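Here the structure comes first, spelled out in structure tokens, and everything after it is commentary.
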Amino acid sequence: MSLPQPTEDRFCGCLIGQCVGDAIGFIVEGQPSQVCRSHLDAVLRDGRSIEGHRGPFPLGQYSDDSQLARELLSSYVACGRFEPEDYARRIAAIFVEERIVGRGRATEDAALRLAAGVPWQEAGTPPPNAGNGSAMRAGPIGLMFHDDIDGLIRAACDQGRITHADSRCSGGAVAIAGAVALALRDEPLEPKVVLDRLAEWAGAVDSTMADALRRLSDWLTLSPEKAVTFISRAGLPTGSRDMWIGISPFVVGSVLWSLYAFLRTPDDYAAAIDTAIAVGGDVDTTAAMTGAIAGARNGLNAPPSHVATRLNDQGNWTYDDLVGLAQQAWRVKAATKRRPV
Ligand SMILES: [Mg+2]
């Protein structure tokens, strides 16, 4: 059975949803829960303030998570298909040209190897480094391969290993891409069914991520305050210590938190972003991943417009540009589906 093409609105919702979550979280990245909560009160509630800023960047600037997701979608549009070699060139360029905002160390190291001529298949930072740098940008793979799960698993891993070679990172990228694919479907969303599917797909490449996804079913009914005590430790080797407050950049915990935030309120974008950020920690990334999934489910009008209309990347790639890119990607996907096999 072939799945119908999702609406253009949901492709746009996925990219804008990712960028808005990232932009809101970027202001308070690395901060404790208390700081994140007052930021959310200002931006999502009391008067919907646009006062926040991070360094030279006012609210609306999105960071590396969404810059690299945007480049992944741009590469798809330019090539007419997912082409890891082209995407790797774009990752190298954005670092070499100093356009990256809020860089991750493992991604930067890999980008410099790519720039020095290392092939994309060999450039990824090796284990035990297992940050969320390849999962944070995997949402667009869910758009490209929503109707081809074998292709989705392959592409999520390939786009990931350009910078991260650890299989837990591959599992995280599959989970985020898979969640976007499921969020695009017009069917009732049953959290346990979603998590079982994601565990099965991620389990094709990594058992730690698969086991953690299955356990998340039991934690979904817990309050955020209680759930974070389990999720922040999920997948960590016994005895290891994570010094981060809230959710760290470790791929297992941050992917799980993003899914927890989405699955608590799958039909309410703002509430999901609130949960993703209020916990504190690496919250530009948790909100970017939650935002991509919630945007794919709820469409372009779901992210708050007072932030969406201010989106930009150092003055470029504004809201209109991003919507235009998502529309082009939708047309590429629609044309691919019509092509005889
Ligand atoms: Mg970031």
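Just so you know, all these numbers are worked out from the coordinates, no wet-lab data involved. Here the structure is a predicted model, which is why all the values come from computation and not from measurement. Neighbour counts run over all protein chains shown; Cβ positions are idealised from the backbone, glycine included.
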Would you mind stating whether Leu222 is surrounded by fewer than 24 Cβ atoms within 10 Å (Cβ to Cβ), free of Cβ contacts under 8 Å to residues at least 60 places away in the same chain, outside any helix (DSSP H, G or I) and more than 19 Å from the chain's Cα centre (by Cα)?
-> yes
Gly102, sole failed condition from (1) of a type outside the set (A, V, I, L, M); (2) buried (at least 22 other Cβ atoms within 10 Å of the Cβ); (3) in contact with a Lys or Arg (Cβ under 9 Å, 6 or more places away or on another chain) | (2)
Scan the range 2-50 for residues that are touching a helix residue (DSSP H, G or I) at 6+ places or on another chain (Cβ under 7 Å) and not hydroxyl-bearing (Ser, Thr, Tyr) and report the count.
-> 29
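A quick yes/no check of all residues on (1) out of contact with any Asp or Glu (no Cβ under 7 Å at 6 or more places or on another chain); (2) small (Gly, Ala, Ser); (3) not in a helix (DSSP H, G or I):
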position: Pro140; (1), (2), (3): yes, no, no
position: Asp147; (1), (2), (3): yes, no, yes
position: Arg168; (1), (2), (3): no, no, no
position: Leu195; (1), (2), (3): yes, no, no
position: Ala199; (1), (2), (3): yes, yes, no
position: Thr208; (1), (2), (3): yes, no, no
position: Leu213; (1), (2), (3): yes, no, no
position: Leu216; (1), (2), (3): yes, no, no
Quick check: anything in the range 22-43 out of contact with any Phe, Trp or Tyr (no Cβ under 7 Å at 6 or more places or on another chain) and on the phi > 0 side of the Ramachandran plot?
-> yes
Among helices (runs of 4 or more DSSP H) entirely inside the range 1-81, those with 3 or more residues being farther than 26 Å from Pro224 by Cα and more than 16 Å from the ligand (Cβ to nearest atom) are 8-26, 64-79
Test Ala130 against the stated conditions and say whether it is more than 15 Å from the chain's Cα centre (by Cα), surrounded by 24 or more Cβ atoms within 10 Å (Cβ to Cβ), closer than 20 Å to Thr286 by Cβ and not charged (D, E, K, R).
-> yes
Considering only the range 308-341, state which residues are over 20 Å from Ser75 (Cα atoms) and buried (at least 24 other Cβ atoms within 10 Å of the Cβ).
-> Leu311
Go over the candidates Ser240, Ser254 one by one and state the one that is in contact with a helix residue (DSSP H, G or I) (Cβ under 9 Å, 6 or more places away or on another chain) and small (Gly, Ala, Ser).
-> Ser254
So how many residues does the range 72-83 have that are in contact (Cβ under 8 Å) with a residue 60 or more places away in the chain and either of a type in the set (Val, Ile, Thr) or over 23 Å from Asp150 (Cβ atoms) (or both)?
-> 2
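Residue-wise test of (1) among the aliphatic types (A, V, I, L, M); (2) over 26 Å from Asp9 (Cα atoms).
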position: Phe95; (1), (2): no, yes
position: Asp109; (1), (2): no, yes
position: Leu112; (1), (2): yes, yes
position: Trp120; (1), (2): no, yes
position: Gly142; (1), (2): no, no
position: Asp147; (1), (2): no, no
Can you pull out the residues in the range 251-277 that are surrounded by 24 or more Cβ atoms within 10 Å (Cβ to Cβ) and touching a Leu at 6+ places or on another chain (Cβ under 7 Å)?
-> Leu256, Leu259, Tyr260, Asp274, Ile277
Could you look through the range 82-111, keep only residues that are among the aromatic types (Phe, Trp, Tyr) and part of a helix (DSSP H, G or I), and pick out the one that is farthest from the ligand (Cβ to nearest atom)?
-> Tyr87
Set Leu300, Leu263, Leu256: member being assigned to a loop (DSSP other than H, G, I, E, B), within 17 Å of the chain's Cα centre (by Cα) and away from the ligand (no atom under 16 Å from the Cβ) = Leu300
Among the residues of the range 310-327, is any closer than 30 Å to Val252 by Cβ, acidic (Asp, Glu) and touching a Ser or Thr at 6+ places or on another chain (Cβ under 7 Å)?
-> no
